[in-house]
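Heads up: the structure comes next, in structure tokens.
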């Protein structure tokens, strides 16, 4: 077994364990921390796959932005609820598991079967996925999606404004729902 | 890269550009009139922008299809779908002029999101590469999540937004996973490139089938195919009615257009593998949609299930997978835009009559023909058209789709489709019967409520829709020639 | 060099774990995190495939997905908070004004 494979298995195992942690934790805070671990290990894997820029972006965007935002919301609304209402949801559990296993089997089967050999000079072509290489590609061949992402961010901006704004005329804090029902 | 490349063929995206600039103007105007209530001006501006967009599409209509930056194309199909979406957008804006307090207060946000959703939907129809397709999908999905929750003070609306968001985001992950596997199969995100690589025996063909399966799950959620439809009635019922009306048409048109192009330009060589699962989905969708619609008491929920059934009908065109079928689907969507939005407009007008904010029960329609003869007559026309009774627009939509499917050798599927149409006639006609032939149960207090006049823009939408449904029905050939399919 | 298939299988497992999480959990925040995790597994898939094909297209796609994920988080959390203001709960089973 080569060292690189050993490394992959190690990091992959941590990543997988973290993924399981996200799903099984009772406390959302724990889930969020497991999620952070998962994101960080994936960033390590990106480096082994010649994607340096994305590894950095992964840490900055996901770990630094998204997880922090989620943690803020947890602090804001508190989220400790025990939500495994097993008796009520037994069927959906079984169905979920079954679907999951089928999905997994299908994807791994096709992933493992007859993959073509990677290109010989991959590393040269990818240039290690440095910011320079990705940037040049992004601002020449892929300028259209880049522009479109700007529209997407505009939507998110307006949306967060509309939904997050404190209601006009509403009293401090949480407005009463009963009035509308 | 030469900067000239950026402007070469940029005319392909002219309608989108017009709308994008329009959104910015709209937001500026909104800032300029801070503090004023009412959003008449903004609505007028949005309509003007959308009409400019239609003008721009008409301008580039006859040109030979060109591709822009390997990501967008302007062929007949893209333009046809664009037209449908722009029309749905105009009608949706007009519908919102019904004294909804939330929209009056935050008109700037509402109309800019509406226009952005239209841009995203139009891009779905033009996208020729997986990255653009995915971003377009996300643009309109995100805008619609927010619009569904636009009545923030209404718990149902916010809840609808939450459900729509969680299921929609879940579906998007499947969609993008499917895109990733297709990229792995063909080594490119360009549809045509994927096809070329796979057709010449290269790539990883073993990744194609799981890729298609995952894409189907994501796509099924977006156009609410059974068994991925459970969010539809809830969201349709909870979301503001003008949004529901726009969404029910726009999402279908956009998602079908994007998926049509993807399947027919990237994976035509796998047609044998994907046609059968799609056919089964179509049968399920039509049957479950129609049978469940039979049991609904709320008009909006009934329309939601009817929308599911219509998605099943359009799916038949995709199963057939020919150029004729894609133009039939465009025609179907064109007709559907008018009749469905028309039906929702009447629903809004009736909501106002019965004093309920955001829904109306079917049982209350009894005797409506006496109280509101014009509304009832319009509703009757839309219901007849939706059920596919000739010579209205809905009939020719179904007819063209079924014809294309028979020609492609899917006669059994068409038989099931026709049977389903017969079932659907029952619940559409039930509304007509209730309005015209039933007496209201508690006649006393209902009569006392004064008649609430519909807004001028609603009247306009109803008149235009009725005219369109009748004219398209009388002159189907004209419109069928105008709306083109893939590769035509 | 580790084979691409291994990465794909790891990504598939993480995706499946996330998907089962979405189906089994009722806490909207955790569901939300599971969705983010699924998107990340897609990113891993794309980067692995980009290396196999030796083109940067997959990496560009990942960049776009990151932007989309960020936008989704902003909107999703805003909807979540708006919902909590009404219901004081983030369990989606307790949200039953409309039938789930």
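When the residues of segment A:62-75 are filtered to those that are more than 7 Å from chain C (Cβ to nearest Cβ) and over 11 Å from the mean Cα position of the chain (by Cα), which remaining residue is surrounded by the most Cβ atoms within 10 Å (Cβ to Cβ)?
Only one residue tops the list, namely A:71.
Sort through C:24, C:10, C:44 and tell me the only one that's surrounded by fewer than 24 Cβ atoms within 10 Å (Cβ to Cβ) and at the interface with chain A (Cβ under 7 Å from one of its Cβ atoms).
Working: C:10 fails: surrounded by fewer than 24 Cβ atoms within 10 Å (Cβ to Cβ); C:44 fails: surrounded by fewer than 24 Cβ atoms within 10 Å (Cβ to Cβ).
Sole residue among the options that is surrounded by fewer than 24 Cβ atoms within 10 Å (Cβ to Cβ) and at the interface with chain A (Cβ under 7 Å from one of its Cβ atoms): C:24.
Do we have residue B:69 as under 19 Å from residue B:132 (Cβ atoms) and in contact with a helix residue (DSSP H, G or I) (Cβ under 7 Å, 6 or more places away or on another chain) here?
Considered against the rule, which asks whether it is under 19 Å from residue B:132 (Cβ atoms) and in contact with a helix residue (DSSP H, G or I) (Cβ under 7 Å, 6 or more places away or on another chain), residue B:69 comes out as yes.
Let me spell it out: the conditions are (1) without any contact (Cβ under 8 Å) to a residue 60 or more places away in the chain; (2) within 26 Å of residue B:463 (Cβ to Cβ), and residue B:92 meets all of them except one. Which number is the exception?
The single condition residue B:92 does not satisfy is (1).
Say we look at segment C:58-100 and pick out the residues that are at pLDDT 90 or above and more than 8 Å from chain A (Cβ to nearest Cβ); which of these is farthest from residue A:150 (Cα to Cα)?
This residue is C:58.
Does segment A:18-32 hold any residues that are assigned to a helix (DSSP H, G or I) and out of contact with any helix residue (DSSP H, G or I) (no Cβ under 8 Å at 6 or more places or on another chain), and which are they?
Answer for segment A:18-32, where residues must be assigned to a helix (DSSP H, G or I) and out of contact with any helix residue (DSSP H, G or I) (no Cβ under 8 Å at 6 or more places or on another chain): just A:24.
Name the residue, out of B:324, B:343, B:279, that is farther than 27 Å from residue B:87 by Cα and in a helix (DSSP H, G or I).
One residue alone meets the criteria, B:279.
Given the structure, is residue A:104 facing another protein chain (nearest Cβ under 8 Å), assigned to a helix (DSSP H, G or I) and at pLDDT 75 or above?
For residue A:104, the condition - facing another protein chain (nearest Cβ under 8 Å), assigned to a helix (DSSP H, G or I) and at pLDDT 75 or above - is met.
Within segment A:138-168, restricting attention to residues that are at pLDDT 90 or above, more than 17 Å from residue C:66 (Cα to Cα) and facing chain C (nearest Cβ under 7 Å), which residue is surrounded by the fewest Cβ atoms within 10 Å (Cβ to Cβ)?
A:160
Restricting attention to segment B:116-129, which residues are within 10 Å of chain A (Cβ to nearest Cβ) and in contact with a strand residue (DSSP E or B) (Cβ under 9 Å, 6 or more places away or on another chain)?
Going through segment B:116-129, the residues within 10 Å of chain A (Cβ to nearest Cβ) turn out to be B:116-117, B:119-120, B:123, B:127, B:129.
Hits for segment B:116-129 are B:123, B:127, B:129.
What are the residues in segment B:137-155 that are part of a helix (DSSP H, G or I), more than 7 Å from chain A (Cβ to nearest Cβ) and either under 29 Å from residue B:188 (Cβ atoms) or at pLDDT below 90 (or both), if any?
Correct list: B:137, B:140, B:141.
The values are calculated or read from the model by the stated rules, or taken from the named source; none is laboratory data. Worth saying up front: this structure is predicted, and the values here are computed from it rather than measured. Because the Cβ atoms are built from the backbone with ideal geometry, glycine has one as well, and the counts that use them run over all protein chains shown.
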